[in-house]
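K.L.:
Let me give you the structure first, and then I'll get to my questions.
What follows draws every value from the coordinates through simple rules; no lab data is involved. In this text the structure is predicted, and so the values were computed from the model without any measurement. Don't worry about glycine lacking a Cβ; one is built from the backbone with ideal geometry, like all the others, and counts go over all protein chains shown.
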Amino acid sequence: MDVYTIFFYGFVGGCAPEVIRIHKIMKEDGKFSYPSGLLLISLIVAVLGGLLALALASNSPLQSIWIGASTPIIISKFGEKAPPGVG
C-alpha cells in the first residue's frame, strides 16, 4: 500500500469514534449539537490516526483502520503518567 492509502484508512479509523459519539448524542438528545472547537479537535485526532498508521508501518487497510480508531486511547495513555524524573 502507498502512504496515501495508509493515511486515508488511518484517518477513517480516527473518525470512527467521533461518528459513534455523535450518534450517541443524537440518540439521547434527539438533536445535533457539536461545538466547532470540538470539531477541530476531532479533525486533529483523525489526522493523528492517519499519521500513526504511517508511523507504525501498517500493511493492510483493516490494520490502518484499527490504528486510527485506537488513536484516542493511545493519546490518552501518553498523558496519563509521565516517566519518573519528567515534569
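K.L.:
If I compute P(r) over Cα pairs in 10 Å bins from 0, in percent from the structure I just sent, which labelled value in [x] 14, 34, 15, 11, 15, 9, 2; [y] 17, 51, 25, 7, 0; [z] 19, 38, 29, 13, 1 lines up?
P.N.:
[z]
K.L.:
So which residue, out of GLY49, GLY30, GLY68, gets the largest mean-square fluctuation from a GNM of the chain using Cα contacts under 10 Å as springs?
P.N.:
Sorting by GNM fluctuation, first place goes to GLY30.
K.L.:
Then there is this: Using +1 on the beta carbon of Lys and Arg, -1 on that of Asp and Glu, and nothing else charged, what's the dipole of the chain about the Cα centre, debye to 20?
P.N.:
Value, rounded to 20: 180 debye.
K.L.:
Moving on. Counting only complete DSSP H runs, which helices of the chain cover 30 Å or more along their long axis at the Cα atoms and score a mean Kyte-Doolittle of 0.0 or above?
P.N.:
3-29
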